[in-house]
Structures are given as C-alpha cells and as structure tokens.
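> Would you mind keeping the following structure in view while I ask a few things?
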Amino acid sequence: MKATVRLTKKELFSFLFYHMYVRPTGIIYALVGLASVAGGIYYLVNGNKSGIFLILIAGVYFILQPLMLYIKAAQQAKNAVFANDTYYEFSEEGIAVWQDGLDPSVLQWQNVRKVAKFGKYYFLYVDSAHGNIIPRSAFDCNPDRVDELIVRVLPKERRKGFKEL
C-alpha cells in the first residue's frame with residue numbers, strides 16, 4: 001500500500017488543529033472559551049459591561065488561536081520538507097518513508113507511538129509531538145485496507161479513531 005504526499009497548508013492546519021484541540025489541554029481551552037462566552041453573555045444580559053472582557057477572552061480561544069495555527073501551517077508549508085513529495089509504503093513489517101533522491105528509511109511498527117485517524121487524514125506519531133500527515137486519499141488502494149492493516153499490527157492503545165475488525 002503506497003502513498004505519495006505533498007502537504008498543503010490545509011493539511012498542516014488540520015494536524016495542528018487536531019494536535020491542539022483533541023488533547024486534554026485543548027479540551028480545557030475549549031471549555032474555558034465556552035465558559036467565557038456563557039459568562040460574558042450572562043453579564044451583558046444583566047447589564048454588566050464587564051461581560052465584554054469575557055467575550056474577548058473567548059475570542060482568543062476560538063478566533064485568535066486557530067488563526068495563529070493557520071499562519072504557522074502556512075509558514076511550514078513553505079519548508080522544503082513539506083513542499084516536496086514524500087513517499088510511504090505500508091506493509092506488515094512497517095512503513096518505508098523517503099523523498100526523491102534519498103534512500104527509504106523503514107519505521108518498524110513497534111517504533112510507531114500512535115496512529116490517529118482524523119477525518120480525511122492519518123496522523124502517524126513517532127513521538128509525543130511529531131507526526132507524519134498522510135491524507136487517506138493519497139493511497140494507491142482503498143484506505144479501508146490501510147485501516148485493516150493498522151488495526152491488525154498496532155495494539156488498540158496505540159491507535160485512535162479506528163473501528164475494530
């Protein structure tokens with residue numbers, strides 16, 4: 001199962017957004033933002049103008065933070081590592097990864113920290129903060145076959161978003 005990937009800022013943004021808001025700290029950020037909106041509306045409805053401050057705090061979480069993630073994704077998309085094609089070949093043994101002119105390196109499944117399936121993407125983590133973004137549509141086969149392989153070779157605690165076989 002092979003994939004050819006050239007990442008765009010949209011795909012990088014999806015990864016950064018997932019990384020930011022699906023983790024416990026991201027959930028806390030979202031809850032603080034929602035509480036700020038609720039508190040701001042409550043104060044404004046009751047005539048207290050300090051509710052505006054709470055609405056501004058919510059804006060940081062729901063507008064400014066995603067905007068900063070988008071700007072970071074746009075900057076990263078210009079990096080040569082992301083601007084060139086990266087090739088992946090998934091097999092029972094592991095994942096071969098390479099770019100033009102370079103020899104493939106093989107990542108054994110036991111060295112994969114986690115694979116998350118999020119929307120149209122696989123996020124392949126080699127450590128807690130760094131991952132490869134692979135659009136499901138980039139594979140030369142039905143992505144359901146890739147799902148089946150990942151479920152077969154990785155234990156449940158190292159994959160997220162996959163249905164059991």
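The values are calculated or read from the model by the stated rules, or taken from the named source; none is laboratory data. These numbers come from a predicted model, not from an experiment. Reconstructed Cβ throughout: ideal geometry from the backbone, glycine too, with neighbour counts over all protein chains shown.
> Which one of the conditions (1) without any contact (Cβ under 8 Å) to a residue 60 or more places away in the chain; (2) touching a helix residue (DSSP H, G or I) at 6+ places or on another chain (Cβ under 8 Å) does PRO104 fail to meet, given that it meets all the rest?
The one condition PRO104 does not meet is (2).
> Hey, another quick one. Contact list please: Cβ distance under 6 Å, first residue in the range 1-19 and modelled with pLDDT of 85 or more, second residue assigned to a strand (DSSP E or B) and surrounded by fewer than 17 Cβ atoms within 10 Å (Cβ to Cβ), pairs at least six apart or on different chains.
LYS2/GLU89; THR4/TYR87
> Can you tell me which residue in the range 42-55 is farthest from THR25 (Cα to Cα), limited to those that are exposed (fewer than 15 other Cβ atoms within 10 Å of the Cβ) and in contact (Cβ under 8 Å) with a residue 12 or more places away in the chain?
ILE52
> Considering the range 20-41 alone, what residues qualify as being under 30 Å from GLU89 (Cβ atoms) and without any contact (Cβ under 8 Å) to a residue 12 or more places away in the chain?
ARG23
> Can we say LEU31 is surrounded by 13 or more Cβ atoms within 10 Å (Cβ to Cβ), over 30 Å from GLU148 (Cα atoms) and outside the structural domain of ALA138 (by TED's automatic domain parsing)?
Here the answer is no, as LEU31 does not meet what is asked.
> State whether the residues of the range 9-25 include one that is in a loop (DSSP other than H, G, I, E, B) and closer than 18 Å to VAL115 by Cα.
Looking through the range 9-25, at least one residue is in a loop (DSSP other than H, G, I, E, B) and closer than 18 Å to VAL115 by Cα.
> Also, I was wondering about something else. Only one of these is outside any loop (DSSP other than H, G, I, E, B), closer than 16 Å to SER14 by Cβ, among the β-branched types (Val, Ile, Thr) and without any contact (Cβ under 8 Å) to a residue 60 or more places away in the chain: VAL151, VAL115. Name it.
Testing whether each residue is outside any loop (DSSP other than H, G, I, E, B), closer than 16 Å to SER14 by Cβ, among the β-branched types (Val, Ile, Thr) and without any contact (Cβ under 8 Å) to a residue 60 or more places away in the chain leaves just VAL115.
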